[in-house]
Amino acid sequence: MDLMARPVVHNDSLRQDLLSVAADLLDRDGPARVTLRDVASAAGTSTSAVYSLFGGKSQLLTAVVDDGFRSFHDSQLAAADGGLDALGVAYRTWALEHRALYRLMFGGALAAYADCQPSPDAASDAMQPLMEAVAAAQSAGVLVQAPVELVAVAIWGQVHGIVSLELAQMGRPDADWAAVYRSALDAIARGWAA
């Protein structure tokens with residue numbers, strides 16, 4: 001009779017649960033205060049499952065950010081056929097649906113955590129649909145002729161600023177952020193029009 005223990009195989013569902021729980025805890029407590037025990041407990045599993053799936057805390061943090069950029073990229077790709085306006089709407093929608101991830105990816109909290117090394121490709125890939133939409137709009141004569149990256153980063157900065165203000169709940173408590181954002185998208189389109 002073979003009494004050797006079989007290794008526990010952890011599935012993708014548990015991996016996704018751990019990523020989601022980690023993002024929420026990181027958003028709430030910051031990377032320095034979150035432990036793997038906290039993450040495992042909140043996900044209803046063991047720390048050995050976290051180590052088995054990710055290797056350690058720095059790898060978990062990296063996976064959280066990389067997964068966030070992939071999810072963001074997918075949402076941008078899904079909206080890409082609608083052009084710049086659709087990408088702008090998808091940007092805000094994704095941020096509101098993934099508040100914790102958005103703040104982690106773009107809020108700088110992980111930048112101070114030296115052990116977290118997100119993939120540079122994940123971040124740049126996430127912005128590729130915007131770059132392509134800018135190039136297409138320029139080819140169609142809709143946007144001014146300027147370096148694609150310059151226009152794309154300027155547009156990104158503008159939508160990022162409004163979304164970040166909304167997530168931080170800046171302004172009046174009764175602010176109509178959807179209307180503010182719509183106005184910003186319209187102003188961006190007018191400002192970069194050919």
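The values are calculated or read from the model by the stated rules, or taken from the named source; none is laboratory data. Note that the structure is a prediction, hence the values are computed from the model and not measured. Ideal geometry is used to build each Cβ from the backbone, glycine not excepted, and the neighbour counts take in all protein chains shown.
A few notes on this one:
- Here segment 179-194 is the region considered, the condition is being hydrophobic (A, V, I, L, M, F, W, C) and surrounded by 12 or more Cβ atoms within 10 Å (Cβ to Cβ), and the residue that is farthest from the chain's Cα centre (by Cα) is Trp192.
- Segment 164-177 - residue that is among the small types (Gly, Ala, Ser) and under 25 Å from Gly108 (Cα atoms) and, of those, surrounded by the most Cβ atoms within 10 Å (Cβ to Cβ): Ser164
- Near pairs, Cβ below 6 angstrom, 6+ apart or cross-chain, from segment 1-26 (at pLDDT 90 or above and exposed (fewer than 12 other Cβ atoms within 10 Å of the Cβ)) to any residue that is of a type in the set (Phe, Trp, Tyr) and in a loop (DSSP other than H, G, I, E, B): none
- Conditions (1) at pLDDT below 95; (2) at positive phi; number of the one not met by Gly141: (1)
- Tally of residues being surrounded by 18 or more Cβ atoms within 10 Å (Cβ to Cβ) and either in contact with a strand residue (DSSP E or B) (Cβ under 8 Å, 6 or more places away or on another chain) or in a loop (DSSP other than H, G, I, E, B) (or both) across segment 128-163: 4
- Any pair with Cβ under 9 angstrom, 6 or more apart, that starts in segment 35-52 at a residue that is more than 16 Å from Ala63 (Cα to Cα) and ends at one that is outside any helix (DSSP H, G or I) and small (Gly, Ala, Ser): none
- Qualifying residue in segment 113-123 (condition: modelled with pLDDT of 95 or more and over 17 Å from the mean Cα position of the chain (by Cα)): no
- In segment 58-74 there is at least one residue that is of a type outside the set (A, V, I, L, M, F, W, C), farther than 30 Å from Val151 by Cα and either at pLDDT below 90 or part of a helix (DSSP H, G or I) (or both).
- Only listed residue being crowded, with 20+ Cβ neighbours inside 10 Å and closer than 23 Å to Asp125 by Cβ, chosen from Leu84, Leu96: Leu84
- For segment 28-50, a residue qualifies if it is surrounded by 14 or more Cβ atoms within 10 Å (Cβ to Cβ), in a helix (DSSP H, G or I) and in contact with a helix residue (DSSP H, G or I) (Cβ under 7 Å, 6 or more places away or on another chain), and the qualifying residues are Leu36, Asp38, Val39, Ala40, Ala42, Ala43, Thr47, Ala49, Val50.
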